[in-house]
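In what follows, a single structure is set out as structure tokens and then discussed.
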Amino acid sequence: MGDGLDVPLEDPVQREEVELLSSLMIVAGRADGPLDQQLIDDLLGLRGDPGPSATA
């Protein structure tokens, strides 16, 4: 039977999320005021119109 605690310590998806959040925090910390939505979307790599369900 394998060791249940023997798991990989690196999760590529989680790592990418941490990098995105870190970048956003750095930019926000350097900003003189609130960040506009377009800048946040650009930092998070979002593209295009999210569609009508995003505002519901």
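Against the test of being open to solvent by 80 Å² or more (accessible area, probe 1.4 Å) and at pLDDT below 90, the options 11, 3 yield a single qualifying residue, 3. For the stretch 20-46, a residue qualifies if it is open to solvent by 100 Å² or more (accessible area, probe 1.4 Å) and within 16 Å of the chain's Cα centre (by Cα), and the qualifying residues are 25, 37, 38. Do any residues in the stretch 15-43 that are at pLDDT below 90 have Cβ atoms under 8 Å from those of residues that are part of a helix (DSSP H, G or I) and surrounded by 12 or more Cβ atoms within 10 Å (Cβ to Cβ), where the two are at least six apart or on different chains, and which pairs are they? Hits for this filter: 43/20; 43/23; 43/24; 43/27.
The values are calculated or read from the model by the stated rules, or taken from the named source; none is laboratory data. Source: prediction; values computed, not measured. Every residue, glycine as well, gets a Cβ built from its backbone with ideal geometry; the counts of neighbours run over all protein chains shown. We work out accessible area using only protein heavy atoms, side chains counted, and drop any ligands, DNA or RNA first. Shrake-Rupley method; radii C 1.70, N 1.55, O 1.52, S 1.80 Å.
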